[in-house]
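Note sheet for the following structure.
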Amino acid sequence: MTVTSEQYRDALRLFPAGVTIVTIKSPQDDKPHGLTVSAFSSISPEPPLILIALDHRSLGHQLLEKDEAVFAVNILPYDKSELSNRFAWIKDEDRFAVGDWGTAVTGAPFLQDALAWLDCTIHARYEAGTHTIYIGHVQASGVPRPDYLPLIYWNRGYRQLAVSGVQ
């Protein structure tokens with residue numbers, strides 16, 4: 001029995017995911033790139049490793065395949081859904097024209113008012129169907145807004161956690 005792409009998506013849309021913007025700096029490219037990503041997970045605290053998965057058709061994938069490319073994962077707070085949409089859908093204008101951006105240790109851009117950010121070098125790459133899994137070795141991190149709630153994507157829409165006593 002084979003699961004169709006539609007059946008697969010119908011099942012996974014019910015799994016809530018945090019929303020991130022992955023920002024990429026490639027030494028061969030003067031301009032940084034960024035895209036909205038929900039395929040993100042922690043892997044190991046020692047050494048500090050995380051993973052992201054990018055579609056092979058994306059520009060982000062092309063850039064991360066280059067030697068010495070670096071990236072940052074910016075974990076979004078609930079009030080950044082418009083920025084998430086900008087990095088998901090805007091194609092022909094500077095996605096970084098909106099937002100308060102800094103430069104991390106590796107040179108990757110990071111969102112200064114993210115919930116948290118992780119600055120990474122590439123530890124490993126693994127082909128996986130239509131995507132590549134990138135294991136990032138965390139070189140630096142920040143937690144600018146620890147008391148805010150995260151932006152959540154569930155059932156094809158943005159959601160906000162309802163937790164008493166938290167902004």
* Asked: Is the range 30-49 home to any residue that is crowded, with 17+ Cβ neighbours inside 10 Å, of a type in the set (D, E, K, R) and either in contact with a Phe, Trp or Tyr (Cβ under 7 Å, 6 or more places away or on another chain) or assigned to a loop (DSSP other than H, G, I, E, B) (or both)?
  -> no
* Tally of residues being of a type in the set (Ser, Thr, Tyr) and either surrounded by 17 or more Cβ atoms within 10 Å (Cβ to Cβ) or within 14 Å of the chain's Cα centre (by Cα) (or both) across the range 142-166 -> 2
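Does Ala140 satisfy being assigned to a strand (DSSP E or B), free of Cβ contacts under 8 Å to residues at least 24 places away in the same chain, within 28 Å of Gln62 (Cβ to Cβ) and among the hydrophobic types (A, V, I, L, M, F, W, C)? Give the derivation first.
Working: assigned to a strand (DSSP E or B): yes; free of Cβ contacts under 8 Å to residues at least 24 places away in the same chain: no; within 28 Å of Gln62 (Cβ to Cβ): yes; among the hydrophobic types (A, V, I, L, M, F, W, C): yes.
No; evaluated as a whole, the condition is false for this residue.
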* Out of Ala124, Ala97, Ala128, Ala88, sole residue that is of a type in the set (A, V, I, L, M), loosely packed, with under 13 Cβ neighbours inside 10 Å and closer than 30 Å to Gln7 by Cβ -> Ala128
* **Scope the range 60-76; condition in contact (Cβ under 8 Å) with a residue 24 or more places away in the chain and more than 14 Å from the chain's Cα centre (by Cα); matching residues** => Leu63, Glu65, Lys66, Asp67, Glu68, Ala69
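None of the figures in this text is laboratory data; all of them are computed from the coordinates on show. If you're wondering where the values come from, they're calculated on a predicted model, not measured in any experiment. Cβ coordinates were reconstructed from backbone atoms using ideal geometry, including for glycine residues, and neighbour counts include every protein chain displayed.
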